[in-house]
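Below is the structure I would like to discuss, written out as structure tokens.
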Amino acid sequence: MKKKSELVIGLFYIVAGLALIMTGFLIDSALDSIIIGCGAGMAGGGIGTVARYLYWTAPKNRERYREKIENENIELHDELKVKLRDKAGRYTYSLGLLVICVSILVFSVLGSLELIRGERLIVLYLSGYFIFQIAAGIVIFRCLLRKYQ
């Protein structure tokens, strides 16, 4: 069964996202659109988390969820060392993605405050790099999976 903490975290993200959206509409600033966008992202993520929690805790899905968790646990314990290396790689990869996301936000703020010129180019470049990172991660993973299966 899914943890109640997932539901609480999802609800927190919804409330925080809605608070940011309201703040974006109530203040008059050059950063309105960025604040509203961050709020919408948080609220959307929270809605997704709550929806997953409600889906998997529904009586008709509980057995499927137990089977899913059992299969995941079997896979995890069969190849523990490989999974640990994969997890380390994933953390490094995730950190790189986080740095890119923060860079996009920083350049957007600097551009909105007119501290740099050509901010559209920088934001588009970093957005493209972010998408490239995701695609490269998927392609490399699939190639390695085919190689070792």
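Across the chain, how many lysine pairs separated by 8 or more positions, or lying on different chains, have Cα atoms within less than 19 Å?
So the count of such lysine pairs works out to 11.
What accessible area per residue comes out for the chain, rounded to a whole number of Å², with a 1.4 Å probe?
On the way: 11290 Å² over 149 residues.
Accessible area per residue, the chain: 76 Å².
Just to confirm a number: summing +1 for Lys and Arg and -1 for Asp and Glu over residues other than Ile134 whose beta-carbon lies under 15 angstrom from that of Ile134, what do you get? Before the final figure, lay out each step's value.
Numbers: positive: Arg90, Arg142; negative: none.
Net local charge, Ile134 excluded: +2.
Something else: Hydropathy first: keep DSSP H helices in the chain averaging at least -1.0 on Kyte-Doolittle, then drop any whose Cα extent along the axis falls short of 27 Å, and list what survives.
Span-like helices here: 4-26, 32-57, 80-112, 119-148.
While we're here: Considering only protein heavy atoms and a 1.4 Å probe, what is the carbon-and-sulfur percentage of the accessible area of the chain?
C and S atoms contribute 67 percent here.
Which value at 222 nm does the chain reach when only helices count, each DSSP H run of 4 or more adding -39,500 (n - 2.57), with the total divided by all residues and rounded to the nearest 500 deg cm²/dmol?
Working: 5 runs with 129 residues, N = 149.
My calculation for the chain gives -31000 deg cm²/dmol from helical runs alone.
Same structure, new question: Dividing the convex hull volume of the Cα atoms of the chain by its residue count, what figure in Å³ per residue is obtained?
Here the figure is 135 Å³ per residue.
The values are calculated or read from the model by the stated rules, or taken from the named source; none is laboratory data. Because the structure is a prediction, the values reported are computed rather than measured. Cβ coordinates were reconstructed from backbone atoms using ideal geometry, including for glycine residues, and neighbour counts include every protein chain displayed. In case anyone asks, the SASA skips ligands and DNA or RNA and just uses the protein heavy atoms, side chains included. Shrake-Rupley method; radii C 1.70, N 1.55, O 1.52, S 1.80 Å.
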